[in-house]
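Peer 1: Supplied in structure tokens, the structure appears directly below.
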Amino acid sequence: MSAFLSIENLSKNYGQQIAIKNLSLEIAENEFFALLGPSGCGKTTLLRALAGLESVDAGEIRLQNQDLLSLPANKRPVNLMFQSYALFPHLTVYENVAYGLRREGLPKDEIAERTSKVLRTVSLLDQKNRSPSQLSGGQKQRVALARAIVKRPKILLLDEPLSALDKKVRSEMQLELKRLQHEAGITFILVTHDQEEAMSIADRIALMDQGEVIQVATPVEMYRAPKTKFVADFIGENNLLTGQITTSSFMVAGKSLPIANTQLPSGSNAVLVLRPEQITLGVSGFVAGKLISSNFYGGSTLLFIDCGFDQLIKVTCVLDQVPVVGTTCHLSWNPADATLLSDG
Amino acid sequence: MGSKLGWLKLPLYGALLFLYLPIAVLIFMSFNESDAPFTWTGFSTRWYGELISSPEILTGFRNTLIVAIAATIIAVVLGTLLAVGLARYQRSAALEAIALTPAIFPDLALAIGLLTLFTNLNYALGLDSVIISHALFCAAFVTAIVRGRLHQIDSSLEQAAADLGDTAVGAFFRITLPSIKPALIAGALLSFTLSLDEFVIAFFTNGPSTPTLPIVIYSMVRFGVSPEINALATLVLLTSALIIIIAQRNLKVKDQI
């Protein structure tokens, strides 16, 4: 049994520039999948290749065992929600949403029924005769969403759908997207550069860098067990200490830190990955340093401590235990919690 | 404060006077009762009446209208196709410059070039050769206006249409064309006014039996400026001004959306 959507050995170059490099990926039915990565990592190119708006140089895309690449964009059972929303400015909200159904040549009452139903789902039925220019950013985003899902695609592609919204509206829309995906029962593939967004919304994430998939995992897995230094650095706040493994410890800038069992050979270069919330402050510890500054985030405070490494160590601390800036802090952690990654 | 800085407005009024005095004199003298061109004897609209009864002027007016309408239609179609082609399929700055240059070509150079071309082709000069010539330089203006409009509209609109199941041709007529409609109207009105009072190119490329209105005026002026000419020029001026105002408003209103 093969996957719902399978991408095999996909490659795409723009002249000398490599956009996608021999990329393979499998996505399951009804999954909320996120393509995450820094700008220029190829995630948008991949999304546009799925939509049929971008040609590829090599590779295969199969949807339910059907070749997708041989179909032009207007024949694919896939719809894209554009980053700019791309609402037709001369058409009303209703006409925008009905556009795709009219192209299918469906009977008039079916078009009316389906369009109204989708508009009700995104709570825009009252605005159906408005022009897109009369809508707020969040409303435009919902029209774009309605226009794409009314076609009942097998896959809905979303290109940075929330990037144009302010923070408060964004978190509301994240919930809304999740609810819609659940109700509609459609596979969602979302492109974003915002790791928090991907973590909070997706079932699984593919983290991309320079045209390649670095790791595919659930948000929790990716946070807990990053496969490479790049993943550890990209996902969440992290301390990455570069050093060398000895027989029983980890040497960083002349200091010896305890480690749990590792498969990495003694003497090899490695990166110790330590989450800020895994570190505790106490009267004694593995390493000590002076508190340089603290950033208050409401529920928690992030401390920056200078332990003589090439970077300040970040430690999460609850508000009423924040030490005075300048005091010496002793840091300790459970060595089994820390991840050791090879630094090749 | 207003009175203190009032003298600063002097250059403004001076410039406006410089620009509009000749036109004001023209309109004023077109209502002169006497046929002496430089002395005012009293108000009259008799020269406007004489215009209508002159067969030469009426023929010229008819010819001009035919040329302006036909050239506008050709220019809008060609100019739009050119603009869409430049915007969507071609990233060459040189080609874009070549497409837009006829708009700023010296009329005389264009006129001589066209005349040479028609003569070499043994093409009989007449209204049709004027239409072709006018369409040529008007198309460049239409291209410039439509190109500007295409720059403003989101290029992903056509892709969105394709994504929603539309064909390329369908997307052009349903999405692209309506989005650039204000520019098409503005381009058409501009072409029409440009063709309406164009003299040099029409003079060179026209046949002897089909003079356009500017050519008729020119041949009348050779024997001195009559108040009739003033009246005619006033009408041409008002028509052009009206069309330009409509074109401007059309572009502005639609741009706010």
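The values are calculated or read from the model by the stated rules, or taken from the named source; none is laboratory data. Just so we're clear, the structure is a prediction, and the values are computed from it rather than from any experiment. Backbone-built Cβ (ideal geometry, glycine too); neighbour counts: all protein chains shown.
Peer 1: Which members of the range B:171-199 meet the condition of being of a type outside the set (D, E, K, R), more than 7 Å from chain A (Cβ to nearest Cβ) and surrounded by fewer than 16 Cβ atoms within 10 Å (Cβ to Cβ)?
Peer 2: Within the range B:171-199, B:PHE172, B:PHE173, B:LEU177, B:PHE199 meet the criteria.
Peer 1: Specify the residue that is surrounded by the most Cβ atoms within 10 Å (Cβ to Cβ); the eligible residues are those in the range A:129-153 that are of a type in the set (S, T, N, Q) and away from chain B (no Cβ under 13 Å).
Peer 2: A:GLN141
Peer 1: Sticking with this one: Please tell me if A:ALA202 is surrounded by fewer than 19 Cβ atoms within 10 Å (Cβ to Cβ) and either closer than 28 Å to A:GLY137 by Cα or out of contact with any strand residue (DSSP E or B) (no Cβ under 8 Å at 6 or more places or on another chain) (or both).
Peer 2: Considered against the rule, which asks whether it is surrounded by fewer than 19 Cβ atoms within 10 Å (Cβ to Cβ) and either closer than 28 Å to A:GLY137 by Cα or out of contact with any strand residue (DSSP E or B) (no Cβ under 8 Å at 6 or more places or on another chain) (or both), A:ALA202 comes out as no.
Peer 1: Residues of the range B:92-114 being free of Cβ contacts under 8 Å to residues at least 60 places away in the same chain, surrounded by 10 or more Cβ atoms within 10 Å (Cβ to Cβ) and in a helix (DSSP H, G or I), which ones?
Peer 2: B:LEU95, B:GLU96, B:ILE98, B:ALA99, B:LEU100, B:THR101, B:PRO102, B:ALA103, B:ALA109, B:GLY113
Peer 1: Go through B:VAL146, B:VAL130 for me and flag whichever is more than 14 Å from chain A (Cβ to nearest Cβ), under 15 Å from the mean Cα position of the chain (by Cα) and part of a helix (DSSP H, G or I).
Peer 2: Of B:VAL146, B:VAL130, the one residue that is more than 14 Å from chain A (Cβ to nearest Cβ), under 15 Å from the mean Cα position of the chain (by Cα) and part of a helix (DSSP H, G or I) is B:VAL130.
Peer 1: Still on this model: What are the pairs, 6+ residues apart or on separate chains, where a residue within the range A:165-179 that is modelled with pLDDT under 85 has its Cβ under 7 Å from a residue that is crowded, with 16+ Cβ neighbours inside 10 Å and not hydrophobic (A, V, I, L, M, F, W, C)?
Peer 2: Once the first residue is modelled with pLDDT under 85 and sits in the range A:165-179, its partners that are crowded, with 16+ Cβ neighbours inside 10 Å and not hydrophobic (A, V, I, L, M, F, W, C) give A:LEU165/A:GLY138; A:LEU165/A:GLN141; A:VAL169/A:GLY138; A:MET173/A:GLY138; A:MET173/A:GLN141.
Peer 1: Quick one: count up the residues across the range A:298-323 that are touching a strand residue (DSSP E or B) at 6+ places or on another chain (Cβ under 9 Å), assigned to a loop (DSSP other than H, G, I, E, B), more than 15 Å from A:LEU257 (Cβ to Cβ) and at pLDDT below 90.
Peer 2: Residues that pass the stated criteria total 4.
Peer 1: Against the condition at pLDDT below 95, more than 14 Å from chain B (Cβ to nearest Cβ) and surrounded by fewer than 22 Cβ atoms within 10 Å (Cβ to Cβ), how does A:LEU69 come out, does it pass?
Peer 2: Against the criterion (at pLDDT below 95, more than 14 Å from chain B (Cβ to nearest Cβ) and surrounded by fewer than 22 Cβ atoms within 10 Å (Cβ to Cβ)), A:LEU69 qualifies.
Peer 1: Return the residues of the range A:101-115 that are at the interface with chain B (Cβ under 10 Å from one of its Cβ atoms) and surrounded by 11 or more Cβ atoms within 10 Å (Cβ to Cβ); say none if nothing qualifies.
Peer 2: A:LEU101, A:ARG102, A:ARG103, A:GLU104
Peer 1: Right, another one. The conditions are (1) modelled with pLDDT under 90; (2) within 13 Å of chain B (Cβ to nearest Cβ), and A:ASP159 fails exactly one of them. Which is it?
Peer 2: It is condition (1) that A:ASP159 fails.
Peer 1: Shifting gears a bit: For the range A:75-100, give me each residue that is more than 14 Å from A:ILE149 (Cα to Cα), assigned to a helix (DSSP H, G or I) and at the interface with chain B (Cβ under 8 Å from one of its Cβ atoms).
Peer 2: A:LYS75
Peer 1: B:LEU117: assigned to a helix (DSSP H, G or I), without any contact (Cβ under 8 Å) to a residue 40 or more places away in the chain and either closer than 22 Å to A:PRO89 by Cβ or of a type in the set (Phe, Trp, Tyr) (or both), yes or no?
Peer 2: no
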